[in-house]
Amino acid sequence: MTKPAAPKRHLPTSPFRAPVIPAPKHFAVGDQVTHDMYGLGRVIGIEDGIAVLVDFGSAQHRILSPYAKMTKL
């Protein structure tokens, strides 16, 4: 089964709640972050709304938005 091209819209008359859209995460240079795969790191560069460059000590990685696996400490 394939995923629909457009997101489903919520009808105002529906008895179910509208899905909650999470607020986009914002990072600043110098923020300490943790990533599910790479571990602890520090933000060293930002591309507005596109990606964040993070130094994880042994390597630097460019993490693309929406940053699902990364959280700010």
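Pairs, please: C-beta under 8 Å, at least 6 apart or cross-chain, first residue over 10 Å from Phe27 (Cβ atoms) and open to solvent by 60 Å² or more (accessible area, probe 1.4 Å) and in the range 48-67, second hydroxyl-bearing (Ser, Thr, Tyr) and outside any strand (DSSP E or B)? Partner pairs satisfying both residue conditions: Gly49/Ser65; Ile50/Ser65.
For the range 8-36, a residue qualifies if it is open to solvent by 90 Å² or more (accessible area, probe 1.4 Å) and over 16 Å from Leu73 (Cβ atoms), and the qualifying residues are Lys8, Arg9, Pro12, Thr13, Pro15, Phe16, Arg17, Pro19, Val20, Ile21, Pro22, Pro24.
The values are calculated or read from the model by the stated rules, or taken from the named source; none is laboratory data. If you're wondering where the values come from, they're calculated on a predicted model, not measured in any experiment. Note that we place each Cβ from the backbone using ideal geometry, even for glycine, and neighbour counts take in every protein chain shown. The protein model used for the area step is the full one, side chains on, heavy atoms only, and it has no ligands, DNA or RNA in it. Shrake-Rupley method; radii C 1.70, N 1.55, O 1.52, S 1.80 Å.
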